[in-house]
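Colleague: Sending over a structure as structure tokens; questions will come in a sec.
Each value in this text was obtained by applying a stated rule to the coordinates, not by laboratory testing. The shown structure was predicted, so the numbers you read here are calculated from the model rather than taken from an experiment. No Cβ is skipped: glycine too gets one built from the backbone with ideal geometry, and neighbour counts run over all protein chains shown.
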Amino acid sequence: MAKVPSAVIAASGLVGGYGVARWTRQRPLGGVVLAVAGVAAARQWRQQAGGVAAGALSAAYVAAFAGSHPLAKKVGAWPAVFGVAGAVGLTSWVVADRRG
């Protein structure tokens, strides 16, 4: 079975976490989706790129989540979430997934 790239996991965690929180109106449930995807991505980041890179990418993941909130006030919720998810996904691919 092919491994899902960490970039896809991280971006999906951000989008999926927001989607679940919005559609279920249960913010904690969205947080669970966000956290599970973040842990799964971090495990792959560590395997593929090492501990320092995994720490930096995990910090970027959390910063993207936090940064999407003020960004949403300027551009709207979904554009903000897609924007930060794309940024984290691209960064993850460059740092970890691109290597194989």
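Colleague: Whole-Hz ³J(HN,Hα) for each residue in the range 68-84, computed from phi via Karplus 6.51 cos²θ - 1.76 cosθ + 1.60 with θ = phi - 60°, x for glycine and proline: what do you get?
Modeller: The phi angles translate into 5, 5, x, 5, 4, 5, 9, 10, x, 5, 5, x, 5, 5, 5, x, 5 Hz.
Colleague: Could you give log10 I(q)/I(0) at q = 0.12, 0.15, 0.16 Å⁻¹ for the range 4-100, computed by the Debye formula over C-alpha point scatterers of equal weight, without solvent?
Modeller: -0.34, -0.52, -0.59
Colleague: Can you tell me how much longer the chain between V62 and V36 gets when fully stretched, taken as 0.36 nm per residue apart minus their C-alpha distance, in nm with one decimal?
Modeller: 8.1 nm
Colleague: Extending each Cα 7 Å along its Cβ direction at V94 and V52, get the distance between those two points in nm, one decimal.
Modeller: With each label point 7 Å from Cα toward Cβ, the separation is 1.7 nm.
Colleague: Given charges of +1 on the Cβ of Lys and Arg and -1 on the Cβ of Asp and Glu, with all other atoms neutral, how large is the dipole of the chain about its Cα centre, in debye to the nearest 20?
Modeller: About 120 debye.
Colleague: Give me the distance between the Cα centres of the range 59-91 and the range 18-50, rounded to whole Å.
Modeller: What the calculation gives is 14 Å, centre to centre.
Colleague: Can you tell me the orientation of helix 27-49 relative to the chain, as the angle in degrees between its alpha-carbon axis and the longest Cα principal axis, to the nearest 10?
Modeller: With both axes taken from Cα atoms, the answer is about 20 degrees.
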